[in-house]
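Encoded as structure tokens, the structure appears first; notes follow it.
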Amino acid sequence: MTPDAPHPALLDPDLLLERYGERIYRVARRMTNSDADAEDVMQNTLIKIIRKADSYRGESDPMGWIYRITLNEARELHRKRKRRPAVSLDALPVDFDETQHAVGVSDIAGRPDRAAMAGEIDERIRQAIEELPDGYREAVVLFDLEGVPYAEAAQLMGLSLGGFKTRLHRARLHLRAVLETFWKQHDESAKDESAPAAGDDA
């Protein structure tokens, strides 16, 4: 393959699906929190990749280019479905520690009921990620869930490195607040259930 030739995997639908299908679906699923929507995003992404294969040049793995198309397709689906709430994270602080752990890990690690609640916690976090504004959701999916390095994720989103880190941090703060609210409601509910009913013997 020459630098001016399209990547061979982008020209063969079967090879494209074999090499990149799993990652495309995983990103789409994390962006939409819906199996059906993820399938739609994946189908649209594969079609667009094949149609635009001639526009990609280079000998390197085209996964970055594929990520960008997948994110755009997921964003377009959200726009069409009009499912995004009017959430603004612009007022959240911008100072942060670059060694900050993933959302909620340090907050819940010591809880004895963590394992029992794992499924419910994961689903609430997935819902909260889907509710994030586009740019914030993409930052979390790329860096925290897909493990794309800071610089590459920033480039994929068309942001400066500092701008990407700020957006990621604000998204994490929002998700942490969601998780804290979840635990507060859970603890209050458990407390109410364990409290003796009025009139019970002491």
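The values are calculated or read from the model by the stated rules, or taken from the named source; none is laboratory data. Note that the structure is predicted; figures quoted are calculated from it, not measured. Don't worry about glycine lacking a Cβ; one is built from the backbone with ideal geometry, like all the others, and counts go over all protein chains shown.
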Which one of these is under 20 Å from ALA36 (Cα atoms) and either loosely packed, with under 14 Cβ neighbours inside 10 Å or modelled with pLDDT under 90 (or both): ASP97, ASP122, ASP113? ASP122
Which one of ASP40, ASP61 is farther than 15 Å from GLU131 by Cα, out of contact with any Gly (no Cβ under 9 Å at 6 or more places or on another chain) and at pLDDT below 90? ASP61
